[in-house]
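What follows draws every value from the coordinates through simple rules; no lab data is involved. In this text the structure is predicted, and so the values were computed from the model without any measurement. Because the Cβ atoms are built from the backbone with ideal geometry, glycine has one as well, and the counts that use them run over all protein chains shown.
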Amino acid sequence: MEFDAYRQVLQGISGVHVTAYDGDGEIEPGLTGRIVSDIAAAGVHNIVSGGNTGEFYSMTADEVIRLQAVAVAAVDGRAAVTAAAGRSVREAIAVSRAAQREGADGVMVHHPLDPFAAPHSQVDYFVAIAEATDLPLVAYIRSDLIPLDEMVRLGTHPRVAGVKFASTNTALFADCVRATKGTKATWICGLAESWALPFYALGAKGFTSGLVNVAPERSLAVWHALEAGDYARARAIIDSIAPFETMRTKHRNGANVTVVKEALRLRGHDVGPVRLPGLPELEDGDRKALGTVLAQWSQDGLV
């Protein structure tokens with residue numbers, strides 16, 4: 001996919017698929033592939049393999065590479081595929097190059113979690129990876145400590161197709177959009193549907209989603225409403241998914257992936273537990289509450 005075409009895809013939904021595990025805790029490619037295929041068939045624009053919802057940080061580099069091969073094959077050209085990479089610069093480059101060989105369209109590089117990472121060096125980290133691979137790069141930013149001029153340097157770098165902004169610092173986000181007006185910088189809401197409406201109002205294009213694993217039609221309905229400027233409809237749909245998204249924030253976001261996997265289990269997909277240090281499974285009360293949310297979605301007629 002050409003660079004500009006990929007940048008355009010990022011203005012849609014970047015859906016992050018879960019990873020199914022078998023009884024031995026290994027990646028189960030058949031079920032994982034079916035989940036990815038269903039997301040692609042629903043019309044999600046960009047499928048991210050090895051993102052946080054896919055449990056990137058619990059995997060070895062070899063597992064991430066195998067997972068991305070499963071995703072590319074399952075998508076079969078129906079959507080863009082963005083392969084996730086991260087941790088050390090050398091590992092990120094190796095994973096990115098492996099993903100390119102498998103046929104991925106771009107690479108999303110996770111925010112560096114090194115406790116001694118200097119703010120300006122974090123931008124250098126993304127740039128080093130971007131300049132060492134032929135794939136267009138999405139920088140996943142989870143901090144608001146990087147100064148504005150460094151954010152501008154990142155967003156306008158010729159090898160960076162977009163910045164996935166996953167901080168709730170909307171003032172900084174607005175500054176980033178304003179400071180790059182007239183450039184090709186693409187600023188993406190990295191906090192999913194719940195934050196997409198205010199981010200769109202400030203100049204975001206596109207958003208990320210874990211909801212697509214369970215209810216891609218709701219995610220797409222939010223996107224269509226935002227693209228049409230129908231904020232009232234977007235708000236109504238976002239309100240309907242708020243209990244689901246709020247449940248994901250429990251345990252300091254430790255239940256984020258767990259809720260998605262439990263929802264899939266309630267729909268008959270034995271995806272296995274979340275790997276540590278995520279919450280492996282929901283408690284009975286939360287599982288029951290989740291079932292109530294899913295039942296309500298089938299009755300509310302919003303999509």
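Using the Cβ-Cβ distance between residue 1 and residue 294 with R0 set to 41 Å, the FRET efficiency works out to roughly 0.75.
Using only the Cα atoms of region 88-160, build the gyration tensor, take square roots of its eigenvalues as a ≥ b ≥ c, and label the shape rounded, prolate or oblate: rounded if a/c is under 1.5, else prolate if a/b is larger than b/c, else oblate. Prolate, since a/c reaches 1.5 and a/b exceeds b/c. Please find the FRET efficiency linking residue 284 to residue 114, where r is the Cβ-Cβ separation and R0 is fixed at 41 Å, and quote it to the nearest 0.05. The formula returns an efficiency of 0.60 here.
In whole percent, what relative contact order does the chain give with Cα contacts below 8 Å and a gap of six or more residues? Intermediate values should be presented prior to the final figure.
Working: 544 pairs, mean separation 53.8, N = 303.
The value is 18 percent.
Computed from phi, the 3J(HN,Hα) profile of region 56-68 under the Karplus parametrisation 6.51, -1.76, 1.60 (θ = phi - 60°) reads 3, 6, 8, 10, 7, 4, 5, 5, 4, 5, 5, 4, 5 Hz, with x in place of Gly and Pro.
Comparing 24, 76, 134 in a Gaussian network model of the chain, where Cα atoms under 10 Å apart are tied by springs, the biggest mean-square fluctuation is seen for 24.
Counting every other Cβ atom within 10 Å of each residue's Cβ, 108, 151, 59 order from fewest to most as 59, 151, 108. The phi-based Karplus calculation (6.51 cos²θ - 1.76 cosθ + 1.60; θ = phi - 60°) puts the 3J(HN,Hα) values of region 294-302 at 5, 5, 5, 4, 6, 10, 7, x, 6 Hz, whole numbers, x for Gly and Pro. Distance between the pseudo-spin-label points of residue 58 and residue 253 (7 Å out from Cα toward the beta carbon): 1.6 nm.
When DSSP beta bridges are restricted to pairs lying wholly in the chain, around 5% turn out antiparallel.
Convert 20 °C to kelvin, take the viscosity as 1.002 mPa s, use the Kirkwood radius over C-alpha pairs of region 148-289 as Rh, and evaluate the Stokes-Einstein diffusion coefficient in µm²/s, rounded to a whole number.
Values: Rh = 16.5 Å.
Calculated translational D: 130 µm²/s.
With contacts defined as alpha carbon pairs under 8 Å and 6 or more residues apart, what's the relative contact order of region 135-282 in percent?
Working: 199 pairs, mean separation 20.8, N = 148.
Once normalised by length, the contact order is 14 percent.
Comparing 101, 275, 153 in a Gaussian network model of the chain, where Cα atoms under 10 Å apart are tied by springs, the biggest mean-square fluctuation is seen for 101. Magnitude of the charge dipole for the chain, about its Cα centre and with charges confined to Cβ atoms of Lys, Arg (+1) and Asp, Glu (-1), is about 540 debye. Counting neighbouring beta carbons within 10 Å and listing from fewest to most, the residues 142, 218 come out as 142, 218. Residues considered: 196, 161, 118. Largest GNM mean-square fluctuation over the chain, using C-alpha springs under 10 Å, is found at 118. Per-residue ellipticity at 222 nm for the chain, helices alone: DSSP H runs ≥ 4 residues times -39500 (n - 2.57), over residue total, nearest 500 deg cm²/dmol? Computed mean residue ellipticity for the chain: -15000 deg cm²/dmol. Its Cα gyration tensor gives region 235-277 an equivalent ellipsoid. The semi-axes, each the square root of 5 times an eigenvalue, are 20, 15, 5 Å from largest down.
Give the order of 111, 17, 224 when sorted by the count of other beta carbons within 10 angstrom, beginning with the fewest.
Working: 111 21, 17 31, 224 14.
By the 10 Å Cβ count, ascending: 224, 111, 17.
Using the Cβ atoms and a cut-off under 13 Å, what net charge is assigned to the surroundings of residue 262, where Lys and Arg are +1 and Asp and Glu are -1?
Details: positive: 248, 250, 261, 265, 267, 287, 288; negative: 270, 281, 283, 284, 286.
Neighbour charge sum, excluding residue 262 itself: +2.
Taking the Cα centroid of region 214-258 and of region 33-105, what is the distance between the two, rounded to the nearest whole Å? For region 214-258 versus region 33-105, the Cα centre distance is 23 Å.
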